[in-house]
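The structure appears below as structure tokens.
The values are calculated or read from the model by the stated rules, or taken from the named source; none is laboratory data. Since this is a predicted model, take the numbers as computed values, not measurements. Surface areas here come from the heavy atoms of the whole protein model, side chains and all, with no ligands, DNA or RNA. Shrake-Rupley method; radii C 1.70, N 1.55, O 1.52, S 1.80 Å.
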Amino acid sequence: MQSSVVAGLRAVAPILVGVVPFGMIYGVVAVSQGLDRLPAILMSSIVFAGASQIAAAELWGQGAPWFIVVATGLVINLRFLMYSASLAPHMNDLQPWQRWLGSYLLTDQGYAVSVIRFQSPGEVHRFGFYLGASIALWSTWQASSLLGVVVGLQVPAAWGLEFSVPLMFLALLIPTLRTPTPVIVAIVSGAAALAFHTLPLHLGLIAAATTGLMVGAWRERFA
């Protein structure tokens, strides 16, 4: 298992370069929206989901009711249900504590590198690999978001940290485009995301993901 943990760390290492500015963006947004430092830092440890953290901080700064903040975070994080369903067949023999820990550590990046590895030839301790990648992501996120909270509005706008987020997700997407079905799903999902981006509570993300899933399922069954 130890070698698999190390393999997970190595697999996710290039992605950590994009996680650092992402975490800093959250910290800067949280401070700029009036969140105290301690709650902003605790959110990274408790929620551990960058997109929903940023959305929650922005809504909080706009004076949105708490239930709107919570509902928005839940909607954005609905994609993790799809990730869990995708990972389950690869790790169906886990102990209860492993399931709880794995659920807490689930991220876009950890999911992507794990699924790619699990579908590749060669033996690997799957939970060990997933754990290695996830711990590296968790540690990097905590440190970078803490840095963003501490530095706050002193980060120059010229640094363009916001561009790191789409670039990071593109880096996750490209290795999966090995066959026609993922390519078609990516194109359809991207088009759906543009079409649905005006939906409230970030529902466009869920609508685009659902559209992509439906197209993928249809391709796998009938193509």
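Surface calculation, 1.4 Å probe, protein heavy atoms: residue 138 sits at approximately 80 Å² accessible. A 1.4 Å probe, protein heavy atoms only, puts the accessible area of residue 79 near 30 Å².
Reported to the nearest whole Å, the Cα centre-to-centre distance from region 41-69 to region 25-39 is 10.
How many percent of all Cα-Cα pairs in region 73-158 sit more than 18 Å apart?
On the way: 1864 of 3655 pairs.
Summing the P(r) tail past 18 Å for region 73-158 gives 51 percent.
Surface composition of the chain: carbon plus sulfur atoms contribute 70% of the solvent-accessible area (1.4 Å probe, protein chains only, all chains present).
Name the most mobile residue of 86, 120, 139, meaning the one with the largest mean-square fluctuation, in a Gaussian network model of the chain with Cα contacts below 10 Å. In the Gaussian network model the winner is 120. Does region 1-124 classify as rounded, prolate or oblate by the C-alpha gyration tensor (a ≥ b ≥ c root eigenvalues; a/c under 1.5 gives rounded; else a/b over b/c gives prolate, otherwise oblate)? Cα axes put region 1-124 in the prolate bin. Entry note, the chain: the mean residue ellipticity at 222 nm calculated from DSSP H runs of n ≥ 4, each adding -39500 (n - 2.57), is -24500 deg cm²/dmol after division by the residues and rounding to the nearest 500. Residues whose amide H falls under 5 Å from that of residue 94, counting only those 5 or more places apart or on a different chain, are absent, with hydrogens built in the peptide plane.
Couplings 3J(HN,Hα) of region 18-35, computed from phi: x, 5, 4, x, 4, x, 5, 4, 4, x, 5, 4, 4, 5, 5, 8, x, 6 Hz, in residue order, whole Hz [Karplus 6.51 cos²θ - 1.76 cosθ + 1.60, θ = phi - 60°; x for Gly and Pro]. Averaged over its residues, region 15-154 has an accessible area of 48 Å² per residue, based on protein heavy atoms and a 1.4 Å probe.
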